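*Asks:* Below are the structure tokens for one structure; questions will follow.
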Amino acid sequence: MPKPSYLVVSVTARRLRGLASLWGVLGVLGVIVLLLSALPLQPAHGQTTVPAAPAATPSTSPSSTQTQRDQNAVIERATQDRTEEDQALQAKVRQVFNEIDAFKNVFVTVKGGVVTLKGRVLELDDVNRAEELAAKIDGVVTVNNQIDVETSVEKRIAPALERFQNRLSQVLGFLPIAAVGFLAFGVIATLGFFIARMKYPWSAMAPNRFVADLIRQIVRLAFIMLGVVIALDIMGATALLGTILGAAGILGLAIGFAVRDTVENYIASVLLSFRQPFKPQDVVKIDGYEGFVIALTSRATVLLTFDGNHVRIPNATVFKGIITNYSKNPERRFDFEIGVETDDLKRAVELGKSVISNLSFVLKDPAADAWLNSVGESSMVIWFGGWINQTETSLVKARAEAIRKVRQAFLAEGISMPEPIYRLRLDGDAAALPSTPTKPTKKTAAQTKPVAVDDEQEQDVTADHTLEQRAKEASKSNTNESLLDEAAPQEVTG
């Protein structure tokens, strides 16, 4: 069935309205695009708008062609300048490396300021050294180090042989100068030894032979040092002298600490040789040892004791210790103590003093003396003393004889010398003894009557010089080593 005509017209009208709306939208969009294209484009903050280069067209104007040529010329000149700078930098690096034998086989190329090193060296340290030298040159951007260490045996041995030959040639060329230096040293040292061996004036300056020898040794060392300085100056090696002296100082300090005791004894020997506190054959007491002085060496003092033994005392101990010299004064005192039991103590003191004074070997001046010294457990202790001439009388014999004579006199006068009394306590069934000590009973007249005594004749107390003679013989055998001199001035005169 055919559609009505009004329906056809309605559909056609709707289509026309839709097309009109579409064209209207397109028109609005076209207007917006035209407006946007007409507005100027503003660049963003911090950006610069670079106009786009015009598209190449088959046909260009003469001005644009000239501009392109100028740009190409600038680029070529810049490239040429960079190449010249690289060549100059390469020549500079190569010149530096040519001055060093270790880098003669190193090849240098420079491009854009970057230095490339290639080749071989003999030592690993030379690889790093080449890079450091190249980096220090002005204009170098960075260094590309491609140097390898030479591993060929032939190439490594050849430079060593060459260096050995060069050094041998230098030594051979240096021999004439060294010979002159050694000759000068020998002449000066010989002159020093000759002067040191002269007896005058060193013996006159020194108080004894030991000090004179020490001065001679110092003179020898002074001439030796002078010869060394002159020889080094001739050979042009004076800078070596400071090194030698420094090493000698350090070595001397180390040796000084290692042998401190020996050095101390040596210095004490020098001081003792100046002071001369004793002479050979003097009877002295040092550090608890008594005896005759045999010798004073550079290390120790030698004594011959009364037992016949040799005692070596370090000189440092002698110098710092207390020295008792019995030979300085010929007069010497002996003394002893006796305990007595008597009511008349004054009589006992005077009796003993009188006995000692009447002995033939006891000196009258200084006179003998005696006094009540202390209270013993069962007696009163009296001290007795007398003086003798020890060059003529033996001290030990004189003391023994004085004790014998005093005891003899006490026994003759009934003055007893009691033995100690002890109290015993017996535990158990035995009765306890009295707590107070029993008082010694007094002797009766019969008990105190004089008893038989020894004869009145004195014993021989003459001094025995046998040991002294042996000490003198021992001193003579050590004359060359001893620092003592009987003719030298003493520290204290008798």
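Here, each number is a calculation from the coordinates, and none is a lab measurement. Bear in mind that the values here come from a model prediction, so they are computed numbers and not experimental data. Cβ placement follows ideal geometry from the backbone for every residue including glycine, while neighbour counts extend to all protein chains displayed.
*Asks:* Cα-Cα over 26 Å: which of K328/K397; K199/K320; K364/K405? It would help to have the intermediate numbers written out before the result.
*Replies:* Working: K328/K397 21 Å; K199/K320 33 Å; K364/K405 17 Å.
The answer is K199/K320.
*Asks:* Could you tell me the extents of region 297-339's C-alpha atoms along the three principal axes, largest first, rounded to whole Å?
*Replies:* Result, largest extent first: 47, 22, 22 Å.
*Asks:* In region 84-126, which residues have a backbone nitrogen under 18 Å from the label point lying 7 Å from T151's Cα in the Cα-to-Cβ direction?
*Replies:* Output list for this probe position: 119-126.
*Asks:* Can you give the charge dipole size of region 126-171 about its Cα centre, rounded to the nearest 20 debye, using +1 on the beta carbon of Lys and Arg and -1 on the beta carbon of Asp and Glu? Write out the running numbers ahead of the final one.
*Replies:* Numbers: 6 positive and 8 negative charges, 51 e Å.
Value, rounded to 20: 240 debye.
*Asks:* Sort out for me the Cα centre separation of region 158-207 from region 346-423, rounded to whole Å.
*Replies:* Answer, in whole Å: 77.
*Asks:* Taking the Cα-to-Cβ direction at Q165 and at R423 and moving 7 Å from each Cα, how far apart do the two end points lie in nm?
*Replies:* The modelled label-to-label distance comes out at 11.4 nm.
*Asks:* Can you find, among V229, I250, F193, the residue sitting farthest towards the positive end of the charge dipole of region 189-264, where Lys and Arg contribute +1 and Asp and Glu -1 at Cβ?
*Replies:* F193
*Asks:* Here's another thing I want to ask about it. Can you figure out the FRET efficiency of D365 with L467, using R₀ = 25 Å and their beta-carbon distance, to the nearest 0.05?
*Replies:* Working: r = 29 Å, r/R0 = 1.15.
FRET efficiency, D365 to L467: 0.30.
*Asks:* Can you give the alpha-carbon Rg of region 282-391 over 2.2 N^0.38 Å, where N counts its residues? Let's see the in-between values first.
*Replies:* Working: Rg = 19.0 Å, N = 110, 2.2 N^0.38 = 13.1 Å.
Cα-based Rg divided by the globular estimate yields 1.45.
*Asks:* Please report the base-10 log of the normalised intensity I(q)/I(0) for region 96-151, using a Debye sum with one equal scatterer per alpha carbon and no solvent, at each q in 0.17, 0.25, 0.28 (1/Å).
*Replies:* Calculated log10 I(q)/I(0) at the listed q: -0.46, -0.98, -1.20.
*Asks:* Going 7 Å from the Cα of E85 toward and past its Cβ, which residues in region 127-169 have a backbone nitrogen under 19 Å from where you end up?
*Replies:* Only 134-144 pass the distance filter.
*Asks:* Further question on the same structure: In Å and whole numbers, how far do the C-alpha atoms of region 116-272 stretch along each principal axis, longest first?
*Replies:* Per principal axis, max minus min of the Cα coordinates gives 81, 39, 35 Å.
*Asks:* So how many Å³ per residue does the convex hull of the Cα atoms of region 197-354 work out to? Don't skip to the end; give the middle numbers.
*Replies:* Numbers: hull volume 28.7 nm³, N = 158.
Residue-normalised Cα hull volume stands at 182 Å³.
*Asks:* Further question: Please provide three numbers in whole Å: the alpha-carbon extents of region 177-268 along the principal axes, with the largest listed first.
*Replies:* Reported extents, whole Å, longest axis first: 44, 36, 14.
*Asks:* In nm, to one decimal, how far is the modelled label at K320 from the one at D344, with both set 7 Å along Cα→Cβ?
*Replies:* In this crude spin-label approximation the distance works out to 5.8 nm.
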